[in-house]
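K.L.:
Next up is a structure, given as structure tokens.
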């Protein structure tokens, strides 16, 4: 079961419930270890048949052997966390270096700042933007394109969620309440005058954090929040992902996908939804497409089409890099978003207190959806406008991008050319409206 777009869930969902422990993760690790000698042998074979001194390297037979070896290595490899690879960006017509560093840390998250080393201040205001990346299997680097599109005209921060496999058990649990607390802490740390963008899954905890901050009159509430392809109300136009969770129920997931991290990982004995199971879910949703992509890679390697082969490598180096999720967070998310629909029903709580979206009055709201989104169906994110009933209409914006699926909501050419300019204008208008509100004393 892929969890590409999961939101929040009440903490009571898994407290006190037994977690089924199976040797599944240990079996996976043994399988990986058993393949190491074969991978080493295929690497040596690949080098042999790529060596220009080998006459067979110039034949179709030799190229086919080398291509087969690369495919075997790539399909059996455990992919590590990708690099950001953002070294510079164009700001006001000049290329400036970008320094990526952590400015806030907790056991399950780092707050990264993409510091642009600008020598001359830009003429236009540069909104400060906190991107809350999905905690749904892939690393935050999946939003590399999102960051790159915003960097020229915005001061960008992003949540870098940790692989639960790498977090020691002594660091404690991590559930939805903790996720919301993290978001609130980061917004308070950044000190206000900031816009928050939630991509997919975090739409639920971000809007919950906003409601809680508004309820306590927190001075550091964001100027605006943009929710992109998020599962605010999965009863609206349900997708196959929604239907599967509703059909199986939370107990099925607890009993079938939760296991414990094996030794020698730092998170030894932590209950997790492991990355390799998530990857199986991701791939199975579009199995034919992935098989065709690898067939094309084999053909490109044999034909010597290096550019096409490199594009394949870059995409799958990112796509196949997955992390383990804390079991508490995963199960609560499934239960609330897809099974109980707690947020749209007004039943969601945070540490025993209700999450009341009608408390949101100061934070401008923008929602973005994709016409062909098969993960978060049309209307699921837009539902936030109905739930934030205290917001005046001039603080609400909805945009549906034609011709894009889920990924196109936050990446790709249409995102850069059509969605980003609208988000940027929305942020500028929200900042002006808040300034007018404060100056006018209203």
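K.L.:
Before we move on, is residue 287 farther than 21 Å from residue 376 by Cβ and either crowded, with 18+ Cβ neighbours inside 10 Å or without any contact (Cβ under 8 Å) to a residue 24 or more places away in the chain (or both)?
P.N.:
Yes: the conditions hold for residue 287.
K.L.:
Looking at (1) part of a loop (DSSP other than H, G, I, E, B); (2) in contact with a strand residue (DSSP E or B) (Cβ under 7 Å, 6 or more places away or on another chain), which is the only condition residue 279 fails?
P.N.:
Of (1) part of a loop (DSSP other than H, G, I, E, B); (2) in contact with a strand residue (DSSP E or B) (Cβ under 7 Å, 6 or more places away or on another chain), only one is false for residue 279: (1).
K.L.:
How many of the residues in the stretch 282-296 are part of a loop (DSSP other than H, G, I, E, B) and under 14 Å from residue 75 (Cβ atoms)?
P.N.:
Residues flagged as part of a loop (DSSP other than H, G, I, E, B) and under 14 Å from residue 75 (Cβ atoms) within the stretch 282-296 amount to 0.
K.L.:
Among the residues of the stretch 370-384, is there at least one that is part of a helix (DSSP H, G or I), modelled with pLDDT of 95 or more and either in contact with a strand residue (DSSP E or B) (Cβ under 9 Å, 6 or more places away or on another chain) or surrounded by fewer than 21 Cβ atoms within 10 Å (Cβ to Cβ) (or both)?
P.N.:
Checking the stretch 370-384: at least one residue is part of a helix (DSSP H, G or I), modelled with pLDDT of 95 or more and either in contact with a strand residue (DSSP E or B) (Cβ under 9 Å, 6 or more places away or on another chain) or surrounded by fewer than 21 Cβ atoms within 10 Å (Cβ to Cβ) (or both).
K.L.:
Let me ask another. Select from the stretch 131-140 the residues that are in contact with a helix residue (DSSP H, G or I) (Cβ under 7 Å, 6 or more places away or on another chain) and at pLDDT 95 or above and write down the one among them that is surrounded by the most Cβ atoms within 10 Å (Cβ to Cβ).
P.N.:
Ranking the candidates gives 132 first.
K.L.:
Failed condition for residue 88, given (1) more than 30 Å from residue 406 (Cβ to Cβ); (2) free of Cβ contacts under 8 Å to residues at least 24 places away in the same chain; (3) touching a strand residue (DSSP E or B) at 6+ places or on another chain (Cβ under 9 Å), with all others met?
P.N.:
Just one mismatch for residue 88, condition (1).
K.L.:
Give 106, 120, 77 a once-over and let me know the one that is over 30 Å from residue 279 (Cα atoms) and either surrounded by fewer than 20 Cβ atoms within 10 Å (Cβ to Cβ) or more than 23 Å from the chain's Cα centre (by Cα) (or both).
P.N.:
120
K.L.:
Looking only at the stretch 149-180, how many residues end up being free of Cβ contacts under 8 Å to residues at least 24 places away in the same chain and in contact with a helix residue (DSSP H, G or I) (Cβ under 9 Å, 6 or more places away or on another chain)?
P.N.:
Qualifying residue count for the region: 0.
K.L.:
Being part of a loop (DSSP other than H, G, I, E, B) and farther than 19 Å from residue 329 by Cα is the filter here; which residues of the stretch 245-265 pass it?
P.N.:
Result: 262, 263, 264, 265.
K.L.:
Oh, and also: Kindly indicate the residue of the stretch 31-44 that is farther than 22 Å from residue 296 by Cβ and in contact with a helix residue (DSSP H, G or I) (Cβ under 7 Å, 6 or more places away or on another chain) and also modelled with the highest pLDDT among those meeting that condition.
P.N.:
43
K.L.:
Please go through (1) without any contact (Cβ under 8 Å) to a residue 60 or more places away in the chain; (2) surrounded by fewer than 24 Cβ atoms within 10 Å (Cβ to Cβ) for residue 242 and return the number of the only condition it doesn't satisfy.
P.N.:
That leaves (1) as the condition not met.
K.L.:
Return the residue satisfying two criteria in turn: it lies in the stretch 42-61 and is under 12 Å from residue 304 (Cβ atoms) and either in contact (Cβ under 8 Å) with a residue 12 or more places away in the chain or loosely packed, with under 14 Cβ neighbours inside 10 Å (or both), and of such residues it is nearest to the chain's Cα centre (by Cα).
P.N.:
The extreme case among them is 50.
K.L.:
Considering 95, 128, which residue is touching a strand residue (DSSP E or B) at 6+ places or on another chain (Cβ under 6 Å) and crowded, with 18+ Cβ neighbours inside 10 Å?
P.N.:
128
K.L.:
Please go through the stretch 406-418 and pick out each residue that is farther than 14 Å from residue 153 by Cα and either in contact with a strand residue (DSSP E or B) (Cβ under 8 Å, 6 or more places away or on another chain) or assigned to a helix (DSSP H, G or I) (or both).
P.N.:
Of everything in the stretch 406-418, those that are farther than 14 Å from residue 153 by Cα and either in contact with a strand residue (DSSP E or B) (Cβ under 8 Å, 6 or more places away or on another chain) or assigned to a helix (DSSP H, G or I) (or both) turn out to be 406, 407, 408, 409, 410, 413, 414, 415, 418.
K.L.:
For the structure I just gave you, tell me whether residue 71 is touching a residue at least 24 places away in the same chain (Cβ under 8 Å), part of a strand (DSSP E or B), touching a helix residue (DSSP H, G or I) at 6+ places or on another chain (Cβ under 8 Å) and surrounded by 13 or more Cβ atoms within 10 Å (Cβ to Cβ).
P.N.:
Answer is no for this residue.
K.L.:
Among the residues that make up the stretch 332-352, is at least one of them part of a loop (DSSP other than H, G, I, E, B), over 28 Å from residue 239 (Cβ atoms) and touching a helix residue (DSSP H, G or I) at 6+ places or on another chain (Cβ under 9 Å)?
P.N.:
Among the residues of the stretch 332-352, at least one is part of a loop (DSSP other than H, G, I, E, B), over 28 Å from residue 239 (Cβ atoms) and touching a helix residue (DSSP H, G or I) at 6+ places or on another chain (Cβ under 9 Å), which makes the answer yes.
K.L.:
Which of the residues belonging to the stretch 89-125 are at pLDDT 90 or above and in a loop (DSSP other than H, G, I, E, B)?
P.N.:
Hits for the stretch 89-125 are 107, 108, 117.
K.L.:
While we're here: Can you tell me which of (1) more than 18 Å from residue 214 (Cα to Cα); (2) assigned to a loop (DSSP other than H, G, I, E, B); (3) more than 19 Å from the chain's Cα centre (by Cα) is the one residue 428 doesn't meet?
P.N.:
All conditions pass for residue 428, except number (2).
The values are calculated or read from the model by the stated rules, or taken from the named source; none is laboratory data. As the structure is a prediction and not an experimental result, all values here were calculated from the model. Because the Cβ atoms are built from the backbone with ideal geometry, glycine has one as well, and the counts that use them run over all protein chains shown.
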